[in-house]
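The values are calculated or read from the model by the stated rules, or taken from the named source; none is laboratory data. Model, not experiment: these values are computed from the prediction. Every residue, glycine as well, gets a Cβ built from its backbone with ideal geometry; the counts of neighbours run over all protein chains shown.
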Amino acid sequence: MPDIESLLKEKRVFKPAPEFTRQANWNKKTIDEYRKLAARSPERFWAKMAKENVSWFSPWKKVLDWKPPFAKWFVGGKLNVAYNCLDRHLEGEHAWRRNKAAIIWEGEPGDSRVLTYGELHREVCKFANVLKGLGVKKGDRVCLYMPMVPELAIAMLACARIGAPHSIVFGGFSAEALRDRINDAEAKVVITADGGYRKGAGFALKPAVDEALDGCACVTDVVVVERIQNGTPMQSGRDHYWHELMKDASATCAPAKLDAEHPLFILYTSGTTGNPKGILHTTGGYLTHVTTTFKAIFDIKDEDVYWCTADIGWVTGHSYVVYGPLANGATTMMYEGVPTHPGPDRWWSLIAKWGVSIFYTAPTAIRTFIRLGDDLPKAHDLSSLRLLGSVGEPINPEAWMWYHRVIGKKKCPIVDTWWQTETGGIMITPLPGAVATTPGSATLPFPGIDAAIYDEEGNEVPPGAGGLLVVRKPWPGMLRGIWGDPERYKKTYWGTFKNTYLAGDGAHRDKKGYFWIMGRVDDVMNVSGHRIGTMEVESALVSHPNVAEAAVVGRPDDITGTAIVAFVTPTGGTDAGAALNQTLRGHVTKEIGAIARPAEIRFTDALPKTRSGKIMRRLLRDIASDKESTGDTSTLEDFSVLAQLRESEED
């Protein structure tokens, strides 16, 4: 089978602004030195980062114990993640941070809370004692199924404080999906809420927990945060209200001194077919990775207000809403609801309200705002912004340019980051102030990350060719396994190329050495013998001024093997008829070639997305192939979209 072909050509380059470079945490000289050190010895580089960015109770005896595919980092070292995120900011030269905002939280209805580092420390200690009172011991698993409220971060840190690995399940998953995850992790306690707010209304969470626990013998207690006050049923002896348990809890709780390889959390992949994979991350290596990358990539300063829009139920929320920012003493913002309530400018109003200076969000959200128009962000004062970030999927060049021009006012560097649940932290990214950016490219691996692109025989492909993205050497934030299933871990991630991690994404590298992520290999389409990534066709479509958003899938075809089907959302006021259909086919041909021209274009007002904003291409493939959709659809944001798409026909 031939390599994945790269059709997208992008030549625009944006050099770092000298004024940003002068103040950057990692300037070009520093980065060059780190790259040289990492090239000579990744272990020495990561050991330097661990010493500089993490506080240890006891030093490690060995940096890396690598018995492929199983790694142990900082062997013998003792530390605590909650101590690193809280206590060390209350001591010594950083003691002034006691009164600094740690978490700024805004609820969808407009209520808000600000927790200082001193207050957050007290709340975490109290809840750690609550968990102990419920019989939770070091090593016991705790499941969190919650909305985006401060208690979620408090519960995470309390688990980390006593050494109880947490398993966070996104609040949009069904009772059945929750049950599977609770049982797989054998969680002892579930922490939830009566509900949360979304699109202007309260939604219940506790009933899904009750349903899930009808089949979970491992759970002894449920703790319920009262958020929407809907009088949710409580089971006597098992269920407890958060505020009642916290009322008399002690605010003193010493952090457990944990081994560097002690499990920190299990996070289940959100796949909707097959058994979910419980990705295991441990303490010392993970914390070193996320603390270092957060400091360098987001150029964090004490005066910054940082906002990552991800839900904590996903790995982005673990690493870059909670652990990475708090370990750096940053002010991190959390928002409960949707970006378009009560109006489509909610996010921009929040940036203006809280003076957000660093903004990290997903390409899907950016494309949604493009469709809503430039006037909404222009109506708000976004002058506080100094750095922008992108995460979750490849960003197409035109969305990158809109982000740069409209949100960043052409002055904010953009860090387009590639990483995964399995990698723990960011792997490929520009470093602001040092690396010139090109719209759509994640640029270069972070120092200490040995990424490459292989063909299917395991040979590195030449510049310009596409193939399989791999990582050739272990890194600190890497997953340590799949919970309870080492054979699946070996087969899934390490079974294709010897001692090499297979990411499952297609990519190509240009002549500058920059990486371009082409999407999941599962989404690659084989059209007349050409392997084409969906992202490049989508990018070509979205580059047309009459297209707000596009998703591309393949359906079986007797002649070409796979036919390209495009689902397109036109910009407001555009006539979605036969003329636009032909125009867009011609536009794709002109942009990337006739081989990528869609066989079918379906116009739609909306695409099926999860509540975290990702397009559910699996459902689009079913629709394009006239198949019934199977698998879990409980995370789908708007079920009516599916019915509309099934009714739509090519114009």
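Within region 286-312, if we keep just the residues that are over 19 Å from His94 (Cβ atoms) and not in a helix (DSSP H, G or I), the residue that is farthest from the chain's Cα centre (by Cα) turns out to be Trp307. Taking first residues from region 460-476 that are closer than 18 Å to Thr421 by Cα and partners that are part of a loop (DSSP other than H, G, I, E, B), the Cβ contacts under 6 Å between residues at least 6 apart in sequence or on separate chains come to Arg472/Asp450; Lys473/Asp450; Trp475/Ile449. Taking first residues from region 540-569 that are farther than 14 Å from Gly519 by Cβ and partners that are part of a strand (DSSP E or B) and hydroxyl-bearing (Ser, Thr, Tyr), the Cβ contacts under 6 Å between residues at least 6 apart in sequence or on separate chains come to Ala548/Thr569; Glu549/Thr569. In region 364-376, is there at least one residue being among the acidic types (Asp, Glu), out of contact with any helix residue (DSSP H, G or I) (no Cβ under 6 Å at 6 or more places or on another chain) and over 30 Å from Ile266 (Cα atoms)? Yes: one or more hits. Filtered by the rule that a residue be farther than 11 Å from Pro69 by Cβ and out of contact with any Pro (no Cβ under 8 Å at 6 or more places or on another chain), region 498-512 gives Ala503, Gly504, Asp505, Gly506, Ala507, His508, Lys512. Looking only at region 9-32, residues that are exposed (fewer than 14 other Cβ atoms within 10 Å of the Cβ) and not basic (Lys, Arg) come to 5 in all. Apart from one condition, Val537 fits all of (1) out of contact with any Ser or Thr (no Cβ under 7 Å at 6 or more places or on another chain); (2) outside any helix (DSSP H, G or I); the exception is (2). Within region 270-285, being in a loop (DSSP other than H, G, I, E, B) and modelled with pLDDT of 95 or more holds for one residue alone: Thr283.
Report yes if Asp302 is among the acidic types (Asp, Glu), in contact (Cβ under 8 Å) with a residue 40 or more places away in the chain and under 20 Å from Ala158 (Cβ atoms), otherwise no. It is false that Asp302 is among the acidic types (Asp, Glu), in contact (Cβ under 8 Å) with a residue 40 or more places away in the chain and under 20 Å from Ala158 (Cβ atoms). Among the residues of region 81-96, is there at least one that is part of a helix (DSSP H, G or I), polar (S, T, N, Q) and under 27 Å from the mean Cα position of the chain (by Cα)? The answer is yes; a qualifying residue exists. The strands (runs of 3 or more DSSP E) falling completely within region 165-269 that include 3 or more residues that are within 26 Å of the chain's Cα centre (by Cα) and aliphatic (A, V, I, L, M) map to 189-193, 263-268. Of the strands (runs of 3 or more DSSP E) lying entirely inside region 445-518, those carrying at least 1 residues that are β-branched (Val, Ile, Thr) and touching a Phe, Trp or Tyr at 6+ places or on another chain (Cβ under 9 Å) are 451-454, 466-471. Counting the residues of region 369-379 that are in contact with an Asp or Glu (Cβ under 7 Å, 6 or more places away or on another chain) and either without any contact (Cβ under 8 Å) to a residue 12 or more places away in the chain or under 17 Å from Val391 (Cβ atoms) (or both) gives 0.
Quickly run through region 117-152 and pick out the residues that are under 18 Å from Arg227 (Cβ atoms), within 27 Å of the chain's Cα centre (by Cα) and part of a helix (DSSP H, G or I). Spell out the reasoning first.
To start, the set of residues in region 117-152 that are under 18 Å from Arg227 (Cβ atoms) comprises 123, 127, 130, 143-152.
Going one step further and asking which of them are within 27 Å of the chain's Cα centre (by Cα), we end up with 123, 127, 143-152.
Within region 117-152, Glu123, Phe127, Pro150, Glu151, Leu152 meet the criteria.
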